[in-house]
1. Quick one: Karplus J couplings for the range 84-98, per residue in order, coefficients 6.51, -1.76, 1.60, θ = phi - 60°, nearest Hz, x for Gly and Pro?
2. Arranged from highest to lowest average of other beta-carbon atoms within 10 Å per residue, in what order do the peptides 93-99, 276-282 appear?
3. Check each of the chymotrypsin sites (Phe, Trp or Tyr not before Pro) in the range 102-163 and keep only those in coil by DSSP with at most 14 other C-beta atoms within 10 angstrom; list them in order.
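Values quoted throughout were computed directly from the atomic coordinates according to the rules given, and no laboratory measurement underlies them. Bear in mind the structure is a predicted one, so any value in this text is a computation, not a measurement. Cβ: placed from backbone, ideal geometry, glycine included. Neighbour counts: every protein chain shown.
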Amino acid sequence: MAVQRLRFYGDGDGTTGTLFIDLSKALSATNRKLHRQKQIYTVYGGYYVDSNGSRIDINVAPNTWVTKRAINRGFKMWRKSISETLKNTDGMQTGKYSDFKLYLNNGMGSSTLMPVDAADVTIPTGEWDYSTLVSENEGNVDSFDLHIVGPHSGSTGSMSRVGLMKSWLDSRPLPTSQNQPHITSVAKDDPLSNLNDNSGVVDDRIAQAADEGDQRPYDEDTFWGYYSDSVSGGENNLQRVSSAVTVANSIAITPIHGFEALCGLVQINVSADTSWELVLDVETEGVSF
């Protein structure tokens, strides 16, 4: 286990409101080595500082099997695309630091917050390109990036972003809408079922057994991570993992809870136009999925 303390700073000039952190990018710049993005990054906790009083909310992609399945599907397609491309070239290889990199949602851009030193100077970073895929559909060539949650951006032939969770849902056969009860509704009229019916309640019990639990316990065409009414750049589809509030002239520092971030992607929202700092203790060794 190796923990890296990362400090992020905002001075109120373009660094309030909705902002994004890519922990793999921040760790790569800090430690001068590639920290691959497609991992689960653990934040053990930290603290938030603001003497003027404000609130910070921290959100990540929902940590569910569906989210992981959707990301893995995108990763396999990205890797297959590269493999097929290289087969048609003569000795060409990918870049030394080639890596699968994606955005959190459609509101995230490539200019993420980077760690700063004790004097608020940003740690220099190198190249960090998010993965771009190229596809063809009926003669139309699409070149697009990937994000985890929320809807696509663009349309066929002019797609700019593809939401992996929506793409996964669209590729899946939907559950049948036909009821499949364990005990059929006609069972209440069966002679053997009513053999010892002396109280008049057996019919009700059989009907209840037939009706309860005959529907799926989830919505078939939307889920956490992809809602049809998503707001681009908003907090829809994301999981709140921590919040902290400071009080002007009273409580200038407050703790941050620990959390896990799929692909190290974090959205923060600072409520006031103020100078603030956020310090996170991050496990440098991510967990594969």
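1. Computed from phi, the couplings for the range 84-98 are 5, 5, 5, 5, 9, 10, 9, x, 6, 10, 6, x, 4, 10, 4 Hz.
2. 276-282, 93-99
3. Nothing satisfies the criteria.
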